[in-house]
Amino acid sequence: MKKHRVAVVGCGALAQGAHLPSCQKNPRIELVATCDVNRDAAEMCKGKFGAQRAETDWRRIVEAKDIDVCILCTHTNLRGEFIIPVVESGKAVYTEKPLAPNRKELLDIVLAARRTGRPVCVGHNRRSSPAVLEFKRLLDKAKAGPAGNPPTVNRLGSRKLVPEEGWSQLLMRVNDDSRSWKPWVFFDEEGIMYAEMVHFIDLALWFNKAHPVKIFSEGSARGNFTFLIRFDDGSLTTIVHTMVGNFDYPKELFEATANFTTVAMDQHIEVRQIGMDDEPVQRFFPYAPGCEEWAKAQGMNGYMREFEAERKRAKEEARPARWINVVKGHYEHLNRFLDHVEGKGPNPCDVEGAVAVNRIALKALESAKLGLPVAIGPEDWHIPELN
């Protein structure tokens with residue numbers, strides 16, 4: 001088994017909650033260094049997660065000869081300035097989303113990755129969530145296969161289908177609670193509309209092979225907004241975000257309809273479908289490690305029962321209630337990238353695909369400011385090959 005010598009740059013909440021625990025429990029990873037401008041954070045993470053040393057200057061990570069893979073977990077104010085010299089030094093990079101805050105920096109990163117041939121993966125981790133992978137498999141099968149099972153009420157008769165019946169529809173609902181956010185979110189120019197919604201724009205493009213042609217956004221970049229994305233095959237994706245939901249209510253619901261089949265993914269713990277008799281109607285996925293020890297009931301109904309029971313236990317024991325966390329693919333995404341670094345599989349999210357995501361997210365911001373739909377052209381999703 002190959003050991004990957006890894007450095008984690010940026011030791012904030014995401015690194016401590018996802019990437020450093022993933023490094024610690026992955027037998028393929030040797031955690032060489034933690035790095036943060038805050039010496040206390042770097043040292044604390046070094047001790048807690050078993051790194052060999054702590055650094056405060058990311059340039060020392062770039063120059064290091066004993067590091068093969070860098071995981072970048074900082075805010076978007078550090079992207080190209082770090083990624084480009086890292087790949088030029090021969091290292092691979094796993095970078096958190098968004099890939100970069102502007103078009104020039106996006107292109108500079110892509111060209112550096114092409115020039116050096118070093119792999120760069122963007123942390124759109126939901127592509128590696130087991131429940132999302134199953135949702136995509138079922139949706140692809142529905143689109144490619146025969147029409148869904150005849151409904152219990154069927155008046156089709158001999159009528160020929162109209163063109164609209166060949167379009168797919170996708171709804172992604174994101175329930176968020178702004179009381180759980182860090183304060184910087186409210187002062188960031190692009191807000192949650194850019195920083196977080198790139199996850200869901202990425203999935204919208206990944207689920208649909210057609211090209212996007214238009215986006216309309218309504219609401220505030222800080223939260224409480226809706227996107228509507230039209231594709232050139234007539235299909236539509238709607239992304240609804242709320243910042244005034246409750247943190248403990250399930251955050252993510254995806255529901256797709258195509259070819260008279262309906263497929264849903266709920267909170268990464270349940271996938272449902274009706275329309276394909278050769279597939280189960282319902283499938284459950286486990287909670288995140290640690291939660292499984294006390295939350296046993298599965299699926300959405302099980303989640304709600306476990307939430308209620310935990311609230312009751314916490315009140316009786318005079319302690320804070322525990323959070324029922326779910327598997328969103330952080331560990332799996334990094335592990336798939338290590339496979340790619342070893343030449344054993346595709347990059348789960350390369351930089352070229354992430355460019356389109358970021359450019360469309362910027363168009364979403366533009367649309368919200370103008371109050372008008374904004375066109376998406378080939379220059380937004382295609383990067384030419386240069387000799």
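With +1 assigned to the C-beta of every Lys and Arg and -1 to the C-beta of every Asp and Glu, and no other charges, what is the dipole magnitude of the stretch 25-85 about the Cα centre in debye, to the nearest 20?
Here the stretch 25-85 has a charge dipole of around 180 debye.
Between VAL281 and GLU385, what's the calculated FRET efficiency when r is the beta-carbon distance and R0 is 30 Å? Round to 0.05.
Result of the calculation: an efficiency of 0.10.
Please go through the residue pairs LYS65/LYS328; LYS2/LYS141; LYS143/LYS251; LYS141/LYS209 and name each one whose alpha carbons sit more than 24 Å apart in this structure.
In this structure, LYS65/LYS328; LYS2/LYS141; LYS143/LYS251 exceed 24 Å between Cα atoms.
Once amide H atoms are placed 1.01 Å from N in the peptide plane, what residues at a sequence separation of 5 or more from ILE71, or on another chain, have their amide H within under 5 Å of its amide H?
The list, which skips near neighbours in sequence, is ALA7, VAL8, VAL9, TYR94.
Using a 1.4 Å probe, how large is the accessible area of ILE383, given in Å² and rounded to the nearest 10?
20
Roughly how many Å² of PHE307 are accessible to a 1.4 Å probe, to the nearest 10?
Spelled out: PHE307, probe radius 1.4 Å, area about 60 Å².
Classify the stretch 165-324 as rounded, prolate or oblate from the Cα gyration tensor: take a ≥ b ≥ c as the square roots of its eigenvalues, call it rounded if a/c is under 1.5, otherwise prolate when a/b beats b/c and oblate if not.
Oblate.
Could you please state, rounded to a whole Å, how far the C-alpha centre of the stretch 242-287 is from the C-alpha centre of the stretch 356-387?
First find each Cα centre; the distance between them is then 29 Å.
From the Cα gyration tensor of the stretch 25-89, with a ≥ b ≥ c the square roots of its eigenvalues, which class applies: rounded if a/c is under 1.5, or else prolate if a/b is larger than b/c, or else oblate?
In terms of gyration-tensor shape, oblate.
Top to bottom by accessible area (1.4 Å), largest first, where do SER128, SER89 land?
So the residues, ranked largest to smallest area, are SER89, SER128.
Ignoring ligands, DNA and RNA, how do ILE109, ILE84, ILE274 rank by accessible area with a 1.4 Å probe, largest first?
ILE274, ILE84, ILE109
Computed from the coordinates I sent, volume of the Cα convex hull per residue in Å³ equals one of (1) 170; (2) 126; (3) 185. Tell me the label.
Given (1) 170; (2) 126; (3) 185, the calculated one carries the label (1).
Round to the nearest 10 and report in Å² the accessible area of GLU332, as given by a 1.4 Å probe over the protein chains' heavy atoms.
Here the residue's solvent-accessible area equals roughly 60 Å².
Can you tell me the convex hull volume per residue for the stretch 229-370, based on C-alpha atoms, in Å³ to the nearest whole number?
With only Cα atoms used, the stretch 229-370 gives 190 Å³ per residue.
Can you spot the aspartates and glutamates whose alpha carbon is less than 14 Å from LYS3's alpha carbon? Ignore those fewer than 8 places along the same chain.
List returned: GLU30, ASP66, ASP68, ASP339, GLU342.
With each run of n ≥ 4 DSSP H residues scored as -39500 (n - 2.57), what mean residue ellipticity at 222 nm is computed for the chain after dividing by its residue count and rounding to the nearest 500 deg cm²/dmol?
So the calculated ellipticity at 222 nm is -10000 deg cm²/dmol.
Under the classification rounded if a/c is under 1.5, otherwise prolate if a/b is larger than b/c and oblate if not, where does the stretch 225-265 fall, given a ≥ b ≥ c as square roots of the Cα gyration tensor eigenvalues?
oblate
Among DSSP beta bridges lying fully in the chain, give the percent that are antiparallel, nearest 5.
Looking only at bridges with both residues in the chain, the antiparallel portion is about 60 percent.
Given H placed 1.01 Å from N in the peptide plane, which residues other than close sequence neighbours of SER235 have an amide H under 5 Å from its amide H?
Result for SER235 returns SER168.
Go through MET243, MET44, MET265 and list them by solvent-accessible area, largest first, probe radius 1.4 Å.
I get MET44, MET243, MET265, largest accessible area first.
Determine ³J(HN,Hα), in whole Hz, for all residues of the stretch 32-38 in sequence, where each value follows from phi through the Karplus function 6.51 cos²θ - 1.76 cosθ + 1.60 and θ = phi - 60°; x replaces Gly and Pro.
7, 8, 10, 9, 7, 5, 8
Return the sequence-ordered ³J(HN,Hα) values of the stretch 322-338 in whole Hz as given by the Karplus equation 6.51 cos²θ - 1.76 cosθ + 1.60 applied to θ = phi - 60°, using x for Gly and Pro.
Along the stretch 322-338, the couplings run 7, 8, 8, 8, 10, 8, 9, x, 4, 4, 5, 5, 5, 5, 5, 5, 4 Hz.
The values are calculated or read from the model by the stated rules, or taken from the named source; none is laboratory data. On a predicted model such as this, the values are computed, not experimentally measured, just so you know. A quick note on method: Cβ atoms are made from the backbone with ideal geometry, for glycine too, and the neighbour counts reach across all protein chains shown. Side chains are part of the model used for accessible areas, which takes the heavy atoms of the whole protein and leaves out ligands, DNA and RNA. Shrake-Rupley method; radii C 1.70, N 1.55, O 1.52, S 1.80 Å.
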